[in-house]
Amino acid sequence: MGLLIDLMNRGGWVMYPLLLCSLAGLALVCERLLALRRSRVVPRAFLVSASQLLDRRLYNEVAFLCQEGETAAARLVRLALKMAGRSGAAFKSAMEEAGRRETVDLMRHLGALHLVASISPLLGLLGTVSGMIAAFNSIAVEGIGSPGLLAGGISEALLTTAAGLCVAIPALVAHRALLSRAATLSHDLEDLASDLMEALTLPESRP
């Protein structure tokens, strides 16, 4: 703890927004890790049970199964049951709209995490530039004095750049990993919607 306080004091005012960025990034990553668990979006056990019941046309049992957990897959199945017997076009439109809403929910807060990854190195660079300006202003007023003192001032100015990168790199890696996870779950929901459409829509009438 003492080391952190010392680094904050040496790095200057920019270290405080960097600390806020690191805390915000950590909170966003934890929230998305919980939200993007498969058990909260497309549980495998639910898919197997729902598929078996749909094959046997036990629609009441499917509806009851959907009430056991509030997941994206359960919401899609409930909507599909409401649309059962409709034309393919109406069913497809409703499922696509529901799929878009679920995808938006999966991608929630990822933009904010990307912002943290993008702004942190810029804040670090800002701290370094302001520190270098202060160091050279001191030289202009008091003279070059001791080279060691100048080197110490420059090293402290560079501290904010290192801190910004330490925040940005994990945030960027986490953003890419969570984005890939969200995309995988979104594709699983699309496959589920296609299966539901095939199972519950009326065949198109021929002229």
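Here are a few things to note about the model shown:
- Full extension of the chain segment joining Ile154 with Leu47 gains 32.6 nm, where the gain is 0.36 nm per residue of separation less the Cα-Cα distance.
- Helix 44-55 and the longest principal axis of the Cα set of the chain meet at an angle near 20°.
- Relative to the longest principal axis of the Cα atoms of the chain, the long axis of helix 15-35 makes an angle of roughly 20 degrees.
- Summing charges over neighbours of Pro43, with a neighbour being any other residue whose Cβ is under 12 Å away from its Cβ, gives +1 when K and R count +1 and D and E count -1.
- Charges were assigned to the Cβ only: +1 to each Lys and Arg, -1 to each Asp and Glu. The resulting dipole of the chain about its Cα centre is roughly 480 debye.
- Cβ-Cβ FRET estimate between Val173 and Asp6, R0 fixed at 30 Å, reported to 0.05: 0.65
- Among Gly127, Gly85, Gly99, residue whose mean-square fluctuation peaks in a GNM of the chain (springs only between Cα atoms under 10 Å): Gly85
- Rounded to the nearest 500, the helix-only mean residue ellipticity at 222 nm of the chain stands at -28500 deg cm²/dmol, with each DSSP H run of n ≥ 4 adding -39,500 (n - 2.57).
- Within region 12-200, the proportion of C-alpha pairs whose separation exceeds 21 Å stands at 63%.
Laboratory data are not the source of any read-out in this text; all were calculated from the coordinates shown. Here the structure is a predicted model, which means the values were calculated and not measured. In this analysis, Cβ positions are derived from the backbone assuming ideal geometry, glycine residues included, and neighbour counts consider all displayed protein chains.
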